[in-house]
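The values are calculated or read from the model by the stated rules, or taken from the named source; none is laboratory data. Because the structure is predicted, anything quoted here is derived from the model rather than measured. Neighbour counts are summed over all protein chains in view; Cβ atoms, including those assigned to glycine, are modelled from backbone coordinates with ideal geometry.
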Amino acid sequence: MDVDRLFLETLDDLETRIRQDASEYDLLRAAALLRELLLDESRLVDQVNCAPKVASRFRLHVDAGSRERVRVLARSRSECRG
């Protein structure tokens, strides 16, 4: 499967799993999908952005105690990986 298709399918899966009446299992799977998109060593968001090089922006709702963790995640890791 090419990376663009994987990215789109992952977003569709995430949207399905975070619905209002989501089960605990769905929320755990959603967390794993978010990890693949945003945190893994070769995160999907960077893989699909390799050619266009568009700056990624994320809107997060966090409490005051989480601000330092958000700053760490916000650091750019947009190197293209072969």
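Does A32 qualify as being part of a helix (DSSP H, G or I) and hydrophobic (A, V, I, L, M, F, W, C)? Taking the combined requirement at face value, the residue satisfies it.
Looking only at residues in the stretch 14-49 that are of a type outside the set (D, E) and closer than 15 Å to D4 by Cβ, the one that is modelled with the lowest pLDDT is N49. The set of residues in the stretch 1-27 being hydroxyl-bearing (S, T, Y) and part of a loop (DSSP other than H, G, I, E, B) consists of S23 alone.
Return the residues of the stretch 35-49 that are of a type in the set (D, E, K, R) and part of a helix (DSSP H, G or I); say none if nothing qualifies. R35, E36, D46 - these are the residues of the stretch 35-49 that are of a type in the set (D, E, K, R) and part of a helix (DSSP H, G or I). The set of residues in the stretch 10-26 being over 19 Å from S56 (Cα atoms) and surrounded by 12 or more Cβ atoms within 10 Å (Cβ to Cβ) consists of D13, T16, R17, I18, A22, D26.
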